[in-house]
Amino acid sequence: MVIKMPYNKNYYERNREKIIARTREWKKRHPEKQREYYLKNREKKLDAVKRWMKNNRERWNNYCKQYLRTHCVTTVNGRIFGLKRPYPENGCELCNKVAKLHYHHYDDSNLMKGIWLCPSCHIFVERLEQNEGILERYYQLKKYVCECD
Ligand SMILES: [Zn+2]
């Protein structure tokens with residue numbers, strides 16, 4: 001779909017902010033016009049959106065994935081399944097490394113009980129939990145070896 005602009009491209013680029021502000025102002029003063037336009041063009045607009053989604057499947061899927069990740073929503077077969085704790089702004093909650101974080105959760109029925117970890121901390125934490133007492137044994141072993149000489 002080609003949208004025809006009432007002014008040329010250069011003019012638009014130079015006065016972008018002004019035009020956007022003026023349009024916004026106009027829309028505020030004429031809500032009924034906007035509603036009328038919306039109702040008249042609803043089908044066309046929905047078709048255009050659907051067509052865009054079909055032609056840009058990968059981008060759309062990535063957008064959805066990103067949206068779900070930043071809003072910490074998990075879905076199963078497209079249905080919202082549970083909410084996670086908010087994605088931290090300062091990286092891994094254990095070591096603060098900035099990386100793509102994994103969500104390590106403790107309770108399948110309550111995803112709020114979980115922490116955001118970088119991949120290496122996630123592996124570390126999984127090992128700790130699969131081997132109860134490994135941390136104590138590690139420190140004992142270190143102490144034993146280091147105090148032996
Ligand atoms: Zn980490």
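Any idea which of (1) within 13 Å of the ligand (Cβ to nearest atom); (2) surrounded by 13 or more Cβ atoms within 10 Å (Cβ to Cβ); (3) among the aliphatic types (A, V, I, L, M); (4) outside any helix (DSSP H, G or I) is the one Val98 doesn't satisfy?
Evaluating Val98 over (1) within 13 Å of the ligand (Cβ to nearest atom); (2) surrounded by 13 or more Cβ atoms within 10 Å (Cβ to Cβ); (3) among the aliphatic types (A, V, I, L, M); (4) outside any helix (DSSP H, G or I) leaves (2) as the failure.
Can you go through Gly114, Gly133 and tell me which one is without any contact (Cβ under 8 Å) to a residue 40 or more places away in the chain and farther than 28 Å from Tyr87 by Cα?
Gly133
Within the stretch 114-149, track down each residue that is among the polar types (S, T, N, Q) and in a helix (DSSP H, G or I).
Result: Ser120, Gln130, Gln140.
Within the stretch 8-15, is there a residue that is closer than 30 Å to Leu101 by Cβ, at pLDDT below 90 and surrounded by 10 or more Cβ atoms within 10 Å (Cβ to Cβ)?
Scanning the stretch 8-15, I find no residue that is closer than 30 Å to Leu101 by Cβ, at pLDDT below 90 and surrounded by 10 or more Cβ atoms within 10 Å (Cβ to Cβ), so the answer is no.
Quick check: is even one residue across the stretch 134-146 within 22 Å of Gln66 (Cα to Cα) and out of contact with any Asp or Glu (no Cβ under 6 Å at 6 or more places or on another chain)?
Within the stretch 134-146, not a single residue is within 22 Å of Gln66 (Cα to Cα) and out of contact with any Asp or Glu (no Cβ under 6 Å at 6 or more places or on another chain).
Could you grab me the full set of residues in the stretch 106-134 that are aliphatic (A, V, I, L, M) and more than 16 Å from the ligand (Cβ to nearest atom)?
Leu111, Met112, Ile134
Would you confirm whether or not the stretch 22-40 contains a residue that is at pLDDT 90 or above, surrounded by 10 or more Cβ atoms within 10 Å (Cβ to Cβ), under 33 Å from the mean Cα position of the chain (by Cα) and closer than 28 Å to Tyr63 by Cα?
No, every residue in the stretch 22-40 fails to be at pLDDT 90 or above, surrounded by 10 or more Cβ atoms within 10 Å (Cβ to Cβ), under 33 Å from the mean Cα position of the chain (by Cα) and closer than 28 Å to Tyr63 by Cα.
Taking Tyr103 as the residue in question, decide whether it is loosely packed, with under 15 Cβ neighbours inside 10 Å and more than 8 Å from the ligand (Cβ to nearest atom). Full working, then the answer.
Details: loosely packed, with under 15 Cβ neighbours inside 10 Å: no; more than 8 Å from the ligand (Cβ to nearest atom): yes.
So Tyr103 does not fit the description; no.
The values are calculated or read from the model by the stated rules, or taken from the named source; none is laboratory data. Keep in mind that this is a model prediction, so the values were computed, not measured. Here Cβ is always computed from backbone atoms with ideal geometry, including for glycine, and neighbour counts include all displayed protein chains.
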